[in-house]
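Before any comments, here is the structure.
The values are calculated or read from the model by the stated rules, or taken from the named source; none is laboratory data. Remember, predicted model here, so these are calculated numbers, not experimental data. Cβ atoms come from the backbone with ideal geometry, glycine included; neighbour counts cover every protein chain shown. Heavy atoms of the whole protein, side chains included, go into the accessibility calculation; ligands, DNA and RNA do not. Shrake-Rupley method; radii C 1.70, N 1.55, O 1.52, S 1.80 Å.
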Amino acid sequence: MNHLYRFSLPGWAVVQQQEYYSAMARRGLLIDKYGTWLTRFSKGTPSNLIYRLDAAHRRNSEPEEAQRQFYESCGWKFVCKADYFHLYCAPETAVELHTDPQWQSQTLVPVKKSLRSELLWTALEVIFWCLLAWFNFFVMRGFHDDLTAAETVALFFAQCGFVLPLLLLLLIILKVNHAAIALYGFSRYLRQIRSENVRSPSLKRFLILQHSMSAVYIGVFLALGMTLFCLMPRSVPLGQEPDGQYLLHLEQLEPDVTIFQGRSKLGVESGQTDVINIPIASLQLDNTQLSDGDGNSPWLFQHYLRLSGPLDPSLVTQAMSKYWSLGTLTPIEVSGLDYALIDDSRHGMVELCVCKGRRILFVQYLGYQASAQEVLNLAQQILTTA
């Protein structure tokens, strides 16, 4: 390969970039393209080159042809555009690109304004998402109109766990921190230019810090992607589900039916005496598991949760009963269970939500052979023997 890629240094780190590119040139690696995440170097002959960054009129713009020709006449060759700057290089014997610190500082003022605007927009973005979350959870009652704010928040953390919110919070903190450091670091560099006292920090220490931050960003994005992937619904046989022992089976309630099993993240099992015709496409049952029919098939819907973190099981149980049920579930006392709510007021349908320790099971049964007590006994047996 004639090219080599390295993590990019931040655009605001002017002195560090200039020293870094010179050090790479002495190793025979000449920069030819600057990117947000990666910088591309071409393999060539080791050279003693100096690099200078010149403020661009617009971010990620090419320099004007007249300016480029003038710099070339002074011995400075245009290399590439680099975020807020244009990058030039020249032999070590060349005259400095900027000889008037006051004039140079004036050309860098627009860059500082851009960094300040970037920090402001980042802060406004964070405020916007916080207000949106607050409006969704506490004004619109989040997932369901019947849920209180506390129930909405508890159900949210119960459904997605604490990993996803923590990753999103870490991503926000990193983004704000990046914008704040950029503004602070560049403002400090601008003050040094005006005082004609530009100091060169330790390049090695700076590279270690920046590469570590890049690795953190990549790790957060990968973890976020994996978490979202794990939260996606899936269609797999119930028998292959690790938590399958916590689910009821329709043949326990309807022993005469032919079972068609389908599994999503929620957990659903359906059976029929003739054919299946139930509206559960959103749970991602395979099309081969569904067929046209008269709609009289019994079916069983379940949602199981094992809580993690400092969540109140009673609050989550109440929230789940409101969110998943078609009616209103009534609390009852059941030996061996911590909490139990049930609704069997409609003919042929039983809905219940039961809790034992940190395990919660919601069941919706539509059929005519099993009674509400039989469904409750099976749910109780599953949670108390697990």
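If the chain linking Tyr184 and Leu120 were pulled fully straight, counting 0.36 nm for each residue of separation and taking away their Cα-Cα distance, it would gain 21.7 nm. Please report the carbon-and-sulfur percent of the accessible area for segment 33-90; probe 1.4 Å, protein heavy atoms only, DNA, RNA and ligands left out. Of all accessible area on segment 33-90, carbon and sulfur atoms account for 48 percent.
Starting from the Cα gyration tensor of segment 34-123, take the square roots of the eigenvalues, sort them a ≥ b ≥ c, and report rounded, prolate or oblate (rounded when a/c is under 1.5, otherwise prolate if a/b is larger than b/c, else oblate).
Values: a/c = 2.12, a/b = 1.38, b/c = 1.53.
The shape class here is oblate.
Take the Cβ-Cβ distance between Thr330 and Ser371 as r, set R0 to 25 Å, and report the resulting FRET efficiency rounded to the nearest 0.05. Working from the Cβ atoms, E equals 0.95.
Which of the peptides 217-228, 15-26 is most tightly packed, and how do the rest follow, going by the mean number of other Cβ atoms within 10 Å of each residue? Write out the running numbers ahead of the final one.
On the way: 217-228: 13.5, 15-26: 19.1.
Order by mean packing, descending: 15-26, 217-228.
Ordering Phe128, Ala179, Pro101 by Cα displacement along the dipole of segment 74-229 toward the positive end leaves Pro101 in first place; charges were set at the Cβ atoms of Lys, Arg (+1) and Asp, Glu (-1). Scanning residues 5 or more positions from Ala82 or on other chains, those with amide H under 5 Å from its amide H are Leu87, with H placed 1.01 Å from N in the peptide plane.
Working from label points 7 Å from Cα in the Cα-to-Cβ sense, the Tyr217 to Ser202 distance is 2.3 nm.
Could you order peptides 99-105, 78-84 by the average number of other Cβ atoms within 10 Å of their residues, highest first?
Details: 99-105: 12.3, 78-84: 20.0.
Listed from highest to lowest mean packing, they are 78-84, 99-105.
Using 24 Å as the Cα-Cα cut-off, could you pick out the over-long pairs in Lys81/Lys113; Lys112/Lys175; Lys33/Lys77; Lys43/Lys112? Where the Cα-Cα span goes over 24 Å, the pairs concerned are Lys43/Lys112. Based on protein heavy atoms only, segment 1-151 ends up with 58 Å² per residue of surface accessible to a 1.4 Å probe. Distance between the 7 Å Cα→Cβ label points at Ile172 and His3: 3.7 nm.
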